[in-house]
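Report on one structure; see the data block that follows.
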Amino acid sequence: MPRDLVRTKPVEQSIADTHEPQHELKRTLGALDLTVFGVGVIIGTGIFVLTGTAAKNNAGPAVALSFAAAGVVCALAALCYAEFASTVPVAGSAYIFAYSTLGELPAWIIGWDLVLELALGSAVVAVGWSGYVQSLLESGGVTLPHAISGAATGGWSFNLLAALLVALLTGVILIGMHLSAEITRVIVAIKVTVVLVVIVAGLFFIKADNYSPFIPPAKEVAGKSGGQSPLIQVLFGYTPTDFGVMGIFTAAAVVFFAFIGFDVVATAAEETRNPQHDLPRGILGSLLICTVLYMAVALVVTGMQNYTELSSDAPLSDAFKAVGQHAFADIIDVGAVAGLTSVTMILLLGQSRVFFAMSRDGLLPRTFSTVHPRFRTPTRAIVLLGLVVAVLAGLIPLEELSELVNIGTLFAFVVVSVGVVILRHTRPDLPRAFRCPWVPVVPILSVMACLWLMLNLPVATWWRFLVWMVVGFVVYFLYGRGHSRIGLADRARDAGGAPSADSGR
């Protein structure tokens, strides 16, 4: 491999870039803000939907243990993220971490991956938000015309509500991180209150018989065929087991995706007042809070209704309806709408910061890293990405593509876990306010756990992921490689000249 493809960006240079006047973000966030951001992006459809799906199909009441197992997997990656974020407190998350350790091409790959992951994630969540809002409207006697409902059947339809949500949240993000944080606090307060209401109110309707057996007997599962086959089945002939002890881990692969998002906290590193101390607290604190809430909700809902009778679409609200508590069901729907609003906004925010970091390094046009003189936000990047996501949310049915979000996130976890070990060896002198414990054991366990979950994803998802990566390689070699600021500086140095301050513009 040519040496320029694995050239790394010194940590000191990454930090120095954050102080360039035209490309400097405003530092307004503290540990509480970051924790709220983490809770805001993690608690979404996962807690309102996946709880019932995984209990009914994979683990029974033991789905609470599945949430614990998934939380442990995320905690392994979160410890690696916490060390990196406190050592290299720069916007870009896994992209900038890879640039500091693995080199430019791997950094481009992970950045390109994150752009897709966060774009599809925000579009999918916006579509889900639209579905909940339309359900609430219909309960009040209001039905949207088919042409603007985004319905998957009955001819062409534009999802106007999803597109409007993305446009509105794009405007909020444009105005600045402070406003985004204030709105997120309010939304998170609403949805955490709803979750606590579910837990406390549900305790009064629990029947002990619903917990028996807590771990249902193992059940043979017929292997899937074609593109829907898990990669592990195609490679090794192994098919995941439902129920029993192994069913707990099968369900963990399902509910893992309810945790996706804590890594977005790291994208706000450059806008944090004391990133060395606050970022680890925000990442680990939000993950701990959400894991406890997920387990509590899982125990309550499987105690209220036998796991075989849980609904797959709206298990929490339907469990309350089953015991005659329709008012609580409406409260849950309101919480779901609030939850999806904050998830969409934080994913949009994270995507714009990754795009901003890649642009500042010259791998994308530098114009997208110029910040607004008043708001101190990368307005051009935000507007471009907001427009793209609004179109995706309005036009394209993304249910199948949403699994790309999962594989993209797991891939980022693997890169960060490997990067921690590399940086420990290449730069042991760097000050680390937070150190991941038991290196390299924890990073290795993180990589193994993530690869296991990736192997359980369908073959079709892997093919889509590889196609997106190929497109990324083409873009890098046609544009990024030739405009890289580090590459331009290296070539200027080799030629005996001094690089321009705006190399790569």
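Since every read-out is calculated from the coordinates, none of them should be taken as a lab result. The shown structure was predicted, so the numbers you read here are calculated from the model rather than taken from an experiment. Neighbour counts are summed over all protein chains in view; Cβ atoms, including those assigned to glycine, are modelled from backbone coordinates with ideal geometry.
So the values come out like this:
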{"read-out": "Dipole axis of segment 28-457 (+1 Lys, Arg; -1 Asp, Glu on Cβ), positive-most option in Gly176, Asn456, Phe48", "value": "Gly176"}
{"read-out": "Amide H contacts of Asp242 (H built 1.01 Å from N, under 5 Å, at least 5 apart or other chain)", "value": "Lys219, Val221"}
{"read-out": "Inter-centroid distance (Cα atoms) of segment 478-497 relative to segment 241-313, Å", "value": "43"}
{"read-out": "Amide hydrogen neighbours beyond the local backbone of Thr377, cut-off 5 Å, H modeled", "value": "His372"}
{"read-out": "Residues Trp129, Trp452, Trp438, Trp462, sorted so that the one with the fewest Cβ neighbours within 10 Å comes first", "value": "Trp438, Trp452, Trp462, Trp129"}
{"read-out": "Helix-only mean residue ellipticity at 222 nm for the chain, each DSSP H run of n ≥ 4 adding -39500 (n - 2.57), per residue, nearest 500", "value": "-20500 deg cm²/dmol"}
{"read-out": "Taking segment 16-121 and dividing mean pair separation by its residue count, relative contact order in percent (alpha carbons under 8 Å, at least six apart)", "value": "11"}
{"read-out": "Computed over the chain: relative contact order in percent, which uses C-alpha pairs under 8 Å that are six or more apart", "value": "33"}
{"read-out": "At least 18 Å along the helix axis (C-alpha) and Kyte average at least 1.6, DSSP helices within the chain", "value": "63-87, 160-175, 177-202, 379-395, 403-426, 441-455, 459-475"}
{"read-out": "Packing-based ranking, highest mean first, of 18-25, 168-175 given that Cβ atoms within 10 Å are counted", "value": "168-175, 18-25"}
{"read-out": "Average silhouette area of segment 28-457, convex hull of alpha-carbon atoms, in square nanometres", "value": "20.9"}
